[in-house]
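Visitor: Okay, handing you the structure first.
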Amino acid sequence: MADKELIDLNQVRKVAYQDPDFTKEILNISIQEIPKITSEIRTALNNKDTEASKQAVHKIKPTFYTLGSVHYGDLAKKVQDHLSDGGELEKVIGEIEEIIAVEPIIIEEIKKKLTLLQGI
């Protein structure tokens, strides 16, 4: 996924009703919230806490969809559904680790989008 953009700025603009200031606000809030939530996910995973993992993944899912990052939104949904259905945490560790690993990449891309929007 390194060659493909993770953020769909058109999706963010759509969610923001085409308002440039609201678009920037969504991106800024995402920069603040994604690291907090991935930290919660990391802690829950380290503690092998299925319920906390499910709740933390649930929190990040709408952020991914808002940013137009459908792959990661769908991945979070898969994890959440699996855990909600009583599935074992061990069965989705790879998916959870993928969600955690994308944090610095998606944050960097959001920052680039914000820089792009400053020039508009």
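Here, each number is a calculation from the coordinates, and none is a lab measurement. Nothing here was measured: the structure is a model prediction, and the numbers come from that model. Every residue, glycine among them, receives a Cβ derived from its backbone with ideal geometry; neighbour counts consider all protein chains shown.
Visitor: Mind listing which trypsin sites (Lys or Arg not before Pro) in the stretch 1-71 are in a DSSP loop and have 10 or fewer other Cβ atoms within 10 Å?
Guide: Lys4
Visitor: To continue, here is another question. Distance cut-off 27 Å, Cα to Cα: go down the list Lys14/Lys112; Lys4/Lys24; Lys48/Lys112 and report the pairs above it.
Guide: Long pairs (Cα-Cα over 27 Å): Lys48/Lys112.
Visitor: Shifting gears a bit: What nm distance separates the two modelled labels at Ala52 and Lys14, each placed 7 Å from Cα along Cα→Cβ?
Guide: Calculated label separation equals 3.6 nm.
Visitor: If you don't mind, another one. Report the semi-axes of the equivalent ellipsoid for the chain in whole Å, largest first, where each axis is √(5λ) for an eigenvalue λ of the Cα gyration tensor.
Guide: Value: 28, 13, 12 Å, ordered largest first.
Visitor: Also, quick follow-up: Which length gain, in nm to one decimal place, applies between Lys78 and Ile105 when the Cα-Cα distance is subtracted from 0.36 nm times their residue separation?
Guide: Taking 0.36 nm per residue and subtracting the Cα distance, the gain is 7.6 nm.
Visitor: What ranking do 16-22, 68-74 get when scored by the average of other Cβ atoms within 10 Å per residue, highest first?
Guide: 68-74, 16-22
Visitor: Report the extension gain between Thr43 and Ile93 in nm, rounded to one decimal, defined as 0.36 nm multiplied by the number of residues separating them, less their alpha carbon distance.
Guide: Stretched out fully, the Thr43 to Ile93 stretch lengthens by 16.7 nm.
Visitor: Angle, helix 103-118 long axis vs. longest principal axis of the chain, Cα atoms, 0 to 90°, nearest 10?
Guide: 10 degrees
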